[in-house]
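The values are calculated or read from the model by the stated rules, or taken from the named source; none is laboratory data. Remember, it's a predicted structure, so these values are computed and weren't measured experimentally. With ideal geometry, Cβ positions are generated from the backbone for all residues, glycine too; neighbour counts draw on all protein chains shown. For accessibility, only protein heavy atoms count, side chains too; no ligands or nucleic acids. Shrake-Rupley method; radii C 1.70, N 1.55, O 1.52, S 1.80 Å.
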Amino acid sequence: MKISRLILLVAIALCFVTSNHAQKGNYPITNGFSVFGGITKFNIATDNFVTSQGDGFLGGMSATVDIPLRWYNISFGMQLSENNIDILGRPTLVSTENEFVNYKLFAAQVAMLLHIKAIPNHFTIDVGPMLQYNGKLELKNKDQEGYYINNYTNLIAEDITNISQFNFNGVVGASLGIRNFKLKAQYIYGFTNILNKLENQNLDTTGGDARFKGNQNMLVLGAMVSF
């Protein structure tokens, strides 16, 4: 329900922005609409677990307010992604064999970005804040539910799935191309502690740190088509 409301809010906002064409003084304002997609590299920087970056994919849309005589544009958009991350564990409590436990994470992200026109119509530097709603970590292989997570004695793979679902991120990136088609790169860093909710789960943290802290980071490489 929460994610449905988020998508509805963004859709209404996009319709509002893209339906307006204005002129203020000598500055003609042109609104545009873009769709984009790409691949992701996702990880969580934490001292609690040993993690390995995973691949994923992303798609989204944005509305852009283009002010030709200014040094920047502004966009408001939403993107949906499915990401993967591996966390090191072991099949049994006393096993000396280590194996990565595979998780996936679905996320919806809403961003308002400032696009600095390094080369107008061809190259911009993109920065801004982002709000994120994500699901729980989902085990890709149900056979790994009972695996024990390294750095802890009794913590199992299924225990750490209920992570924080609302997060605040920062975005920095660049777009390169022609007016209607651009290649995009983004780096997304999570300012909030995505593992914070684990502290309220009464987990058995024997052998490890009872305080959970992790900041997500995501690299996005893709392309955008504008209309």
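Numbers for the structure displayed
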quantity	calculated
Accessible-area ranking of ASP66, ASP55, largest first, probe 1.4 Å	ASP55, ASP66
Solvent exposure, largest accessible area first (probe 1.4 Å, DNA, RNA and ligands not counted), of LEU105, LEU221	LEU221, LEU105
Whole-percent carbon and sulfur share, accessible surface of the chain, 1.4 Å	60 percent
Net charge, PHE33 excluded, C-beta distance under 15 Å - Lys, Arg +1, Asp, Glu -1	+1
Debye, to nearest 20: dipole size of the chain, +1 on Lys, Arg Cβ, -1 on Asp, Glu Cβ	1120 debye
Under 15 Å between alpha carbons - lysine pairs in the chain that sit 8 or more apart or on different chains	10
Gaussian network model of the chain, Cα within-10 Å springs - most flexible of ILE67, ILE39, ILE188	ILE67
Solvent exposure ordering (accessible area, 1.4 Å, most first) of ARG179, ARG211, ARG70, ARG90	ARG211, ARG179, ARG70, ARG90
Positive dipole terminus of the chain, leading residue within ALA63, TYR187, ASN202 (C-beta point charges)	ALA63
Length released on extending from ALA118 to GLN165, taking residue separation times 0.36 nm less the Cα-Cα span	13.4 nm
Residue of ALA174, ALA63, ALA210 that the Gaussian network model of the chain assigns the largest fluctuation, springs spanning Cα pairs under 10 Å	ALA210
Cβ-based net charge around HIS122, under 10 Å, with every Lys or Arg adding one and every Asp or Glu removing one	+3
Net charge of Cβ neighbours under 9 Å - reference LEU176; Lys, Arg +1; Asp, Glu -1	+2
Accessible surface, region 28-226, averaged per residue in Å² (probe 1.4 Å)	47 Å²
